[in-house]
1. Restricting to segment 225-264, what's the tally of residues that are at pLDDT 90 or above and more than 28 Å from Ala383 (Cβ to Cβ)?
2. Return the residues of segment 336-350 that are in a helix (DSSP H, G or I), over 21 Å from the mean Cα position of the chain (by Cα) and in contact (Cβ under 8 Å) with a residue 24 or more places away in the chain; say none if nothing qualifies.
3. Could you grab the pairs with beta carbons closer than 7 Å, sequence gap of 6+ or different chains, first residue in segment 24-36 and touching a residue at least 12 places away in the same chain (Cβ under 8 Å), second one surrounded by fewer than 16 Cβ atoms within 10 Å (Cβ to Cβ)?
4. Among the residues that make up segment 202-219, is at least one of them at pLDDT below 80, among the aliphatic types (A, V, I, L, M), in contact with a Pro (Cβ under 8 Å, 6 or more places away or on another chain) and not assigned by TED's automatic domain parsing to the domain that holds Asn63?
5. Which one of Gly116, Gly49 is in contact with a Leu (Cβ under 9 Å, 6 or more places away or on another chain) and either assigned by TED's automatic domain parsing to the domain that holds Gly392 or part of a loop (DSSP other than H, G, I, E, B) (or both)?
6. Is at least one residue of segment 374-384 part of a helix (DSSP H, G or I), surrounded by 24 or more Cβ atoms within 10 Å (Cβ to Cβ) and modelled with pLDDT under 90?
7. Identify, from the list Leu407, Leu371, the residue that is among the hydrophobic types (A, V, I, L, M, F, W, C), surrounded by fewer than 24 Cβ atoms within 10 Å (Cβ to Cβ) and either touching a Gly at 6+ places or on another chain (Cβ under 8 Å) or more than 30 Å from Gly284 (Cβ to Cβ) (or both).
8. Of these, Gly140, Gly156, Gly151, which one is modelled with pLDDT of 85 or more and assigned to a loop (DSSP other than H, G, I, E, B)?
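The values are calculated or read from the model by the stated rules, or taken from the named source; none is laboratory data. In this text the structure is predicted, and so the values were computed from the model without any measurement. Positions of Cβ are generated from backbone atoms using ideal geometry, with glycine treated the same way; all protein chains shown enter the neighbour counts.
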Amino acid sequence: MEEGKKEFTPFGLKWWLCGAIMLIVIVSAATGALTTDLAGAFALMLSIGIICNEIGERIPIWNDYIGGGLVLTFLASAVLFTYHIVPQKYAVSIGAVVMGSKVNFLTFFIIFLITGSILALDRKLLIKSFAGYIPAIFGGLIGATILGIAGGLVFGISPKLILLNYVLPIMGGGNGAGAVPLSQIYETVTGDKAAHYYTFAITILTIANIFAILTAALLNKLGKVKTDWTGDGTTIIKKGIEEESTGNKVIPSLEDLGGAFFLTVGFYALGRLFAKTILPKIFGVAIHPFAYMIVFVAIVAATGIIPERTKAAAKRLQSFMITNMILVIMVGVGVDTNIHELVAAITLTNVVIALLIVLGAIFGSAVVGQLIGFYPIDTAITAGLCMANRGGSGDLAVLGASKRMGLIAYAQLSSRLGGGIVLVIGSILFGALIGGK
């Protein structure tokens, strides 16, 4: 094989064997023979994902600056399903499997990434990194606000409207955790219909999400040049990386994997219990189950009561998800994205202001991260870009483009806890700036 060329061996399969499987799946879907159950959905998502990923990884400029195979998988899937190139029944099936309320593989995927990434960290490193993370989130918020207002002044938009209509929805933790509750707060305070606020909020959030993905890929490229600005993709703190858990050196058994699996779903159940029953709101703000889960996993990890073999098994499960299941997620996210909505949202004003807010989130979080001893690139990706995207699915797209899936716990802190902070700020701003009218 010529130097520089990538061999096509997806999941370790020979190219001809993988190609034959994909051909069978695609023909089955085209003829309607493929089922719409879990097995059929996975077969189709993996087939689409493998093809798009391999193409994206081989386009030089795209691979280096746009995000490579994962971003192409996301965009190509959006095109395939928006224009019904793939039969509609499979779009419904994939949507139900990946993000539906009954199956929701996206949630299943995320909880294993959260548990594995937290348990892989050394206890002292864990405490230091989480303690300094909230200031980094505020740094991103301040940076986004400053550049957003500056862009608004150029286009003749008042700082008040920039804060309410641009900064809040972009930095609010995504759609379901940000734009939707913000629109409900807007309706409560102003008496106007929530839909009036939501329509614009989701538009500007969609644009910012694309910029977040693209700039994540650029930051990954920058990290290869400025190696002292980034870590190993598992933590954002500069000091103590060498102290990372020895669990990674332990070879877990099948029984250990089973224990880590049960531990993970148990932590998720605990997060749901607190978010839905015991303490659903703090200071009037709803707390997401992932936020509780992160806190509880971090507490247990900090106590040191989890055996090293179980930690290693949790890390192995996380690695399996990142290596093999990320394509499924990217196709599922693409199915949930309408290309027409993306195109309709692209106006000069919206694009420039959204870009400035994303850049402000990057610079603000990176500067604070640098000051408190974090790697600026990794802080910018998690505390900055993972605040300025579409929540859980946006986090995965951003981390995929930047090739830092190991930072999922920090990303979820941004989307969940950071999003909650924005909702509190939003409640205050709506009341102060327009509630008295």
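1. Adding up the residues that qualify gives 10.
2. His340, Ala344, Thr349, Asn350
3. If the second residue must be surrounded by fewer than 16 Cβ atoms within 10 Å (Cβ to Cβ), the pairs left are Thr36/Lys89.
4. yes
5. Working: Gly49 fails: either assigned by TED's automatic domain parsing to the domain that holds Gly392 or part of a loop (DSSP other than H, G, I, E, B) (or both).
On inspection, the qualifying residue turns out to be Gly116.
6. no
7. Being among the hydrophobic types (A, V, I, L, M, F, W, C), surrounded by fewer than 24 Cβ atoms within 10 Å (Cβ to Cβ) and either touching a Gly at 6+ places or on another chain (Cβ under 8 Å) or more than 30 Å from Gly284 (Cβ to Cβ) (or both) holds for just one of Leu407, Leu371, which is Leu371.
8. Exactly one of Gly140, Gly156, Gly151 is modelled with pLDDT of 85 or more and assigned to a loop (DSSP other than H, G, I, E, B), namely Gly156.
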